[in-house]
Each structure stands twice: as structure tokens, then as C-alpha cells.
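Colleague: Below: one structure in C-alpha cells.
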Amino acid sequence: MRILIAEDDEETAAFVARGLSELGHLPIVAGNGQDALHFGLTEDIDIIVLDRMLPERDGTSVLKCLRAAAIDTPVIMLTALGGIEDRVEGLEAGADDYLVKPFAFAELVARLNALARRPPMQDGPVTELAAGPLRMNLLAREVRREGRKILLQPREFRLLEELLRGEGKVLTKTMLLERVWEFHFDPQTNIVETHISRLRSKLNEGGLPDMIETVRGSGYRMRMA
């Protein structure tokens, strides 16, 4: 991946860039906000690691300008400020994730990988998802199978939505924890398995064929036919 590192601390920037290069990525370093904005607008960047406190133009300003220019590149904000208000401000400006300094390089890599696994944005709003006789109306928040309305809890709805968006691809437990529960760690529980079981019971009521396939050792996928 081409990763923009917007960080004015030369030692930190060099350390992160070296580590990412060793992992096979292509880092681009910007030491101030003006250069970061220039790279973000003109270069083909996969993910931006953006320090909040930058000279010439602060990170929040850079992010707002990128979003105003319809640049939807995923952004991880770095900051020495750990307060809730500071995190909320960064997220509302358009950040996808937040990491407080000092941070472990391994955690940064994990968060970069999590953002890279997110599905790409669709051209235009998607209002309905389907798999065979199963229909999900995203606007009405309604699910039907062969015309029968299925009542789902909010988390069950999100889980089914991710499976349908996967279009038959295998989604791992880690992917589902990140996308449905926004966990960037393993909670050491069977929360995914429990919700899959409940979802299956509701979708398959009346003895209908199971539409969720368990891929042993990998994860789950939707039977689209």
C-alpha cells in the first residue's frame, strides 16, 4: 500500500516509514500540513497516517480540506491529546480511526490492516441488498425471505448486512468484529458465533435451507444463489 505519513517529528516519521517499508509498503513522508495536503490531493494514496499537531497547517484542517475535496482516503489520526473531546473533533472532521501517542508500531499496523480490509465505497447509495429469496431494504431497515418479514435486532441486522455486502466472499471473525462491533481486538468471547446462531434461527424459521455457510477455520459467507 502507498501510505502517507504526515508527521513533523523526524525520528518518529523515519521509524514508522522504515517499519512500513520492511513490511512491503510504500511510505511517503510529509513533515508539515501543507505538504500533507498537497500529497493527499495529488498522489494516489491508500491510507493516510495524519498527526494532529503539524506546522503550517494542523492535521484537523488538512483532513477537513481533503474531505471537502471529496477525497475519501482512509485516515488514522495521531495525537498526544487523549481527551474524548479531541477524539470526537478528529472523528467528526472525517477521521476513520484514532491513535494516541505514544503508540506501539504493531498496533498502528493492525489498524492500517483493518482499514485496508474495509469494502470500497459504492458509486451512489445502495438501498437494497439481496441473496436469492432474501431481501434487505436498508432504508426501511426491513428484511424479508420469500415475502415473510423477519424481525432482527440492530446488531443482527448489521451482521446480515455485512454478510450480504460480502457477496459470497468469506468474512473472518476478525473482520466481523471490526465491522459490526467496531472491535480492533479479540474480546475473547463467542459473540460472533452467538449472533450467527441467532441470525440463522430467524432466517431459517420453518425449516428453510440455511443461507449462511460456515467455512471451517476461516469464517462465514452468504449463499448468494
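Colleague: Run down 95, 13 and say which single residue is modelled with pLDDT of 90 or more and open to solvent by less than 20 Å² (accessible area, probe 1.4 Å).
Modeller: 13 is the lone residue from the list that is modelled with pLDDT of 90 or more and open to solvent by less than 20 Å² (accessible area, probe 1.4 Å).
Colleague: Considering only region 193-214, how many residues are surrounded by 13 or more Cβ atoms within 10 Å (Cβ to Cβ) and in contact with a strand residue (DSSP E or B) (Cβ under 8 Å, 6 or more places away or on another chain)?
Modeller: 10
Colleague: Quickly run through region 144-180 and pick out the residues that are in contact with a helix residue (DSSP H, G or I) (Cβ under 7 Å, 6 or more places away or on another chain), open to solvent by less than 30 Å² (accessible area, probe 1.4 Å) and without any contact (Cβ under 8 Å) to a residue 60 or more places away in the chain.
Modeller: Answer for region 144-180, where residues must be in contact with a helix residue (DSSP H, G or I) (Cβ under 7 Å, 6 or more places away or on another chain), open to solvent by less than 30 Å² (accessible area, probe 1.4 Å) and without any contact (Cβ under 8 Å) to a residue 60 or more places away in the chain: 150, 156, 159, 160, 162, 171, 176, 177, 180.
Colleague: Out of 27, 102, which single residue is on the phi < 0 side of the Ramachandran plot, without any contact (Cβ under 8 Å) to a residue 12 or more places away in the chain and either buried (at least 16 other Cβ atoms within 10 Å of the Cβ) or assigned to a loop (DSSP other than H, G, I, E, B) (or both)?
Modeller: From the options 27, 102, the qualifying one is 102.
Colleague: While we're looking at this one, here's another question. Are any residues in region 181-225 more than 18 Å from residue 150 (Cβ to Cβ), touching a helix residue (DSSP H, G or I) at 6+ places or on another chain (Cβ under 8 Å) and touching a residue at least 60 places away in the same chain (Cβ under 8 Å), and if so, which ones?
Modeller: Answer for region 181-225, where residues must be more than 18 Å from residue 150 (Cβ to Cβ), touching a helix residue (DSSP H, G or I) at 6+ places or on another chain (Cβ under 8 Å) and touching a residue at least 60 places away in the same chain (Cβ under 8 Å): just 184.
Colleague: Only residues that are open to solvent by 70 Å² or more (accessible area, probe 1.4 Å) and over 16 Å from residue 78 (Cα atoms): list them for region 1-10, please.
Modeller: Answer for region 1-10, where residues must be open to solvent by 70 Å² or more (accessible area, probe 1.4 Å) and over 16 Å from residue 78 (Cα atoms): just 2.
Colleague: Restricting to region 30-75, what's the tally of residues that are within 18 Å of residue 103 (Cβ to Cβ), part of a helix (DSSP H, G or I) and open to solvent by 60 Å² or more (accessible area, probe 1.4 Å)?
Modeller: Of region 30-75, the ones within 18 Å of residue 103 (Cβ to Cβ) are 47-54, 59, 74-75.
Within this subset, residues satisfying the condition of being part of a helix (DSSP H, G or I) are 59.
Next, from what is left, pick out any that are open to solvent by 60 Å² or more (accessible area, probe 1.4 Å): none.
The number of residues fulfilling the criteria is 0.
Colleague: So, one more: Scan region 133-143 residue by residue and report those that are out of contact with any helix residue (DSSP H, G or I) (no Cβ under 9 Å at 6 or more places or on another chain) and either surrounded by 12 or more Cβ atoms within 10 Å (Cβ to Cβ) or among the aromatic types (Phe, Trp, Tyr) (or both).
Modeller: Hits for region 133-143 are 133, 135, 137, 142.
Colleague: Here's a follow-up. Look at residue 112 and say whether it is open to solvent by less than 20 Å² (accessible area, probe 1.4 Å), within 29 Å of residue 20 (Cβ to Cβ) and either over 16 Å from the mean Cα position of the chain (by Cα) or in contact (Cβ under 8 Å) with a residue 40 or more places away in the chain (or both).
Modeller: When the stated conditions are applied, residue 112 passes them.
Colleague: Here's something else I'd like to know. Hey, residue 126 hits all of (1) at pLDDT 75 or above; (2) closer than 30 Å to residue 202 by Cα; (3) among the β-branched types (Val, Ile, Thr) but one; which does it fall short on?
Modeller: (1)
Colleague: So, one more: List pairs: first residue in region 49-75 and polar (S, T, N, Q), second residue open to solvent by less than 60 Å² (accessible area, probe 1.4 Å) and in a strand (DSSP E or B) anywhere in the structure, Cβ distance under 7 angstrom, at least six positions apart or on different chains.
Modeller: Note: pairs meeting the criteria are 73/47; 73/48.
The values are calculated or read from the model by the stated rules, or taken from the named source; none is laboratory data. A quick note: this is a predicted structure, and the numbers were derived from the prediction, not measured. Neighbour counts run over all protein chains shown; Cβ positions are idealised from the backbone, glycine included. Heavy atoms of the whole protein, side chains included, go into the accessibility calculation; ligands, DNA and RNA do not. Shrake-Rupley method; radii C 1.70, N 1.55, O 1.52, S 1.80 Å.
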